[in-house]
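Asks: Here it is, the structure in full.
The values are calculated or read from the model by the stated rules, or taken from the named source; none is laboratory data. Keep in mind the model is a prediction, meaning the values are calculated, not measured. Because the Cβ atoms are built from the backbone with ideal geometry, glycine has one as well, and the counts that use them run over all protein chains shown. Heads up: the accessible areas ignore ligands, DNA and RNA and are worked out on the full protein's heavy atoms, side chains in. Shrake-Rupley method; radii C 1.70, N 1.55, O 1.52, S 1.80 Å.
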Amino acid sequence: MLVQLKAFLTLSLFPLFLSTRETALTFHVPARREQCFYEDVRKAEQIEIDFQVVDGGDLDIDFAAFDSQMTRVASNKREQYGAHTFDVAVSGVYKLCFSNKFSKVTAKTVFMDVYVDDGNYEPDEDAVADAQLESSMKLLNRQVDNIKNFLFKAQVSLQLAKAQRNKDQKIQISNSERVDRWSMVNCIFMMLMAAIQVHLLKKMFKEDKRAKRQAKI
């Protein structure tokens with residue numbers, strides 16, 4: 001069964017200077033299932049895709065990206081991480097699929113970031129008449145673009161670190177519970193062995209006394 005979820009990314013940053021779309025989301029892919037997302041893009045835009053499996057099984061998943069002509073443009077086979085960047089040659093809908101069909105029982109939790117940049121800048125009316133203002137605006141645009149890219153990468157790193165921390169906490173809790181269980185089992189076993197030894201010693205003393213009495217008689 002193919003699970004399809006349309007994810008048309010419409011978040012715009014710095015609308016006065018840049019036209020970009022980006023999103024970050026965490027979703028689940030059940031065992032023996034595939035989940036796909038769709039992004040409507042235009043020619044000359046650039047797409048950046050980053051993903052990480054943060055929970056489930058061996059932390060691996062299959063990934064495939066297809067352009068508007070259904071040509072495979074990127075793929076990963078049973079990997080935890082993936083990062084792809086490619087330019088859009090033909091306008092249309094790109095398909096991003098995450099497949100967990102190879103897993104029979106374990107669902108996977110995936111964190112994904114998608115960033116689309118069309119590289120277009122809105123012109124300033126005054127810049128047409130004033131070359132100096134136009135030059136200043138271009139410089140400002142580049143600086144804002146650099147700041148935006150830095151903030152986006154920092155956000156991705158923070159979210160990946162948070163996902164990794166949650167995973168480490170789950171492992172730590174699981175290990176702690178396992179240690180507690182084994183400690184309890186060992187304590188019970190030691191108490192049982194001590195009781196058996198005490199019982200055997202008492203039995204030996206009783207038999208020894210009985211043998212002495214019989215010897216006197």
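Asks: Say we look at the range 41-63 and pick out the residues that are assigned to a loop (DSSP other than H, G, I, E, B) and charged (D, E, K, R); which of these is surrounded by the most Cβ atoms within 10 Å (Cβ to Cβ)?
Replies: So the residue we want is Glu45.
Asks: While we're looking at this one, here's another question. Quickly run through the range 47-99 and pick out the residues that are within 16 Å of the chain's Cα centre (by Cα) and among the acidic types (Asp, Glu).
Replies: Passing the criteria: Asp50, Asp55, Asp58, Asp60, Asp62, Glu79.
Asks: Determine which single condition Lys170 fails, assuming it passes every other condition in (1) surrounded by 14 or more Cβ atoms within 10 Å (Cβ to Cβ); (2) under 16 Å from the mean Cα position of the chain (by Cα).
Replies: (1)
Asks: Related question: Any residue in the range 175-187 that's without any contact (Cβ under 8 Å) to a residue 12 or more places away in the chain: show its pairings with residues that are surrounded by 10 or more Cβ atoms within 10 Å (Cβ to Cβ) at Cβ separation under 6 Å, as long as the two are six or more apart or on different chains.
Replies: Qualifying pairs under 6 Å: none.
Asks: Starting from residues that are charged (D, E, K, R), open to solvent by 40 Å² or more (accessible area, probe 1.4 Å) and closer than 27 Å to Arg42 by Cβ, keep the ones in the range 64-119 and report whichever is modelled with the lowest pLDDT. Before the answer, list the steps.
Replies: The initial filter retains those residues of the range 64-119 that are charged (D, E, K, R), namely 67, 72, 77-79, 87, 95, 101, 104, 108, 113, 117-118.
Those still in the list that are open to solvent by 40 Å² or more (accessible area, probe 1.4 Å) too: 72, 77-79, 87, 101, 104.
This time we only want the ones that are closer than 27 Å to Arg42 by Cβ, so: 72, 87.
Details: Arg72: 92, Asp87: 89.
Restricting to residues being charged (D, E, K, R), open to solvent by 40 Å² or more (accessible area, probe 1.4 Å) and closer than 27 Å to Arg42 by Cβ, the top hit is Asp87.
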